[in-house]
Amino acid sequence: MDTDEILTLLRDVADEVVNPRFRALAEGEVHEKRPGDLVTDADREAEVLISRALLDAFPDAVVLGEETFAADPALMDRYAAASHAFTLDPVDGTKNFVHGSPDHAVMVSETVDGEAVRAWIWQPQHGLGYVAERGAGAWRHDADGTTRLTVPDASGTSSPDGLRGRTSRRAWIGRSLDGLPPLELTWVSCGIDYPKLVEGAADYVLYGRGAPWDHVPGSLLLAEAGGVLGRTDGEAYSPRDTAPPGLVAAGATGVYDRVVAALAADAD
């Protein structure tokens with residue numbers, strides 16, 4: 001399947017099983033995998049449809065789907081060892097979806113020998129698609145056409161203390177790291193967060209541990225737009241890093257370095 005075909009696949013599946021349930025989830029369509037960790041019938045059905053299409057096109061690939069992994073944790077090891085793999089988050093931001101927020105997305109990424117080569121994010125309620133290909137750039141698809149994305153110059157490049165940061169760690173909201181402005185909450189969906197960062201709504205985003213289906217698509221989108229995703233310990237992020245200690249997504253390498261230094265100073 002070519003790049004446009006996979007974006008079309010995400011749109012079509014969202015139209016079929018996600019959008020009809022938006023703000024219309026029936027009783028019994030919302031479940032808990034663990035306390036507070038929600039999954040809906042839309043998540044499960046979308047994963048089945050997208051996985052089937054990817055495997056029909058690429059029968060030798062491993063598809064690491066969030067819901068499939070919940071039932072088969074050994075899938076993570078097969079993904080990490082695979083020469084060709086896909087990550088799949090059928091409804092990223094499930095809590096947002098359940099509570100009627102339009103801030104959710106369908107996300108897929110493709111890896112070859114552990115490197116992200118293509119990525120797709122479809123925001124069905126916003127009608128926005130984000131696509132990245134290694135070496136070919138990051139692009140936004142909307143009703144007006146296709147636009148190449150470049151991360152705006154981060155405010156922190158010239159004024160490090162002016163960096164605008166967001167975090168998924170709720171206990172850190174309002175916290176100031178080594179003189180940086182207080183952290184605000186993310187949009188509570190990586191499929192929203194990364195495009196927002198690329199488009200300049202923040203200078204960096206600080207995450208706790210994250211699974212590949214959450215971060216591989218955004219990592220390539222960000223890299224192709226001129227930004228960087230790295231670990232909180234200063235090490236590079238890899239799609240095969242299945243349990244990083246924490247992640248910093250930043251609009252520029254200088255911003256990433258400043259945030260990592262702030263985290264280290266805060267820990268002293």
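The values are calculated or read from the model by the stated rules, or taken from the named source; none is laboratory data. Since the structure is predicted, the reported quantities are computational estimates derived from the model, not experimental observations. Glycine also receives a Cβ, built like all others from the backbone with ideal geometry; neighbour counts cover every protein chain displayed.
Worth pointing out:
- Test: residue in the range 242-249 that is within 26 Å of residue 110 (Cβ to Cβ) and part of a helix (DSSP H, G or I): no
- Matching residues, the range 207-231, being surrounded by fewer than 24 Cβ atoms within 10 Å (Cβ to Cβ), assigned to a strand (DSSP E or B) and among the hydrophobic types (A, V, I, L, M, F, W, C): 228
- Among (1) in contact (Cβ under 8 Å) with a residue 12 or more places away in the chain; (2) farther than 15 Å from residue 256 by Cβ; (3) in a loop (DSSP other than H, G, I, E, B), the one test that residue 175 misses: (1)
- Evaluated against (1) on the phi < 0 side of the Ramachandran plot; (2) in contact with a Phe, Trp or Tyr (Cβ under 9 Å, 6 or more places away or on another chain); (3) buried (at least 20 other Cβ atoms within 10 Å of the Cβ); (4) in contact (Cβ under 8 Å) with a residue 60 or more places away in the chain, residue 93 falls short on exactly one condition, (1).
- Scanning the range 1-55 for residues that are small (Gly, Ala, Ser) and at negative phi turns up 14, 24, 26, 42, 46, 51, 53.
- Failed item in (1) under 30 Å from residue 81 (Cβ atoms); (2) outside any loop (DSSP other than H, G, I, E, B); (3) not hydroxyl-bearing (Ser, Thr, Tyr), with residue 234 passing the rest: (2)
- If you go through the range 22-43 and keep only what is in contact (Cβ under 8 Å) with a residue 40 or more places away in the chain and farther than 18 Å from residue 107 by Cβ, you end up with 23, 25, 30.
- Where strands (runs of 3 or more DSSP E) fall wholly inside the range 29-117, the ranges with 3 or more residues that are closer than 14 Å to residue 212 by Cβ are 62-65, 84-92, 105-112.
- Taking every residue in the range 202-218 that is basic (Lys, Arg) and pairing it with any residue that is outside any loop (DSSP other than H, G, I, E, B), at least 6 positions away or on another chain, the pairs with Cβ-Cβ distances below 9 Å are 209/247.
- Where a residue in the range 221-233 is in contact (Cβ under 8 Å) with a residue 12 or more places away in the chain and its partner, wherever it lies, is of a type in the set (S, T, N, Q), with Cβ under 7 Å and at least six apart: 225/150; 226/150; 228/253; 229/219
- Taking the conditions (1) hydrophobic (A, V, I, L, M, F, W, C); (2) farther than 30 Å from residue 68 by Cα; (3) in the same structural domain as residue 64 (by TED's automatic domain parsing); (4) surrounded by 14 or more Cβ atoms within 10 Å (Cβ to Cβ) in turn, residue 177 satisfies each one other than (3).
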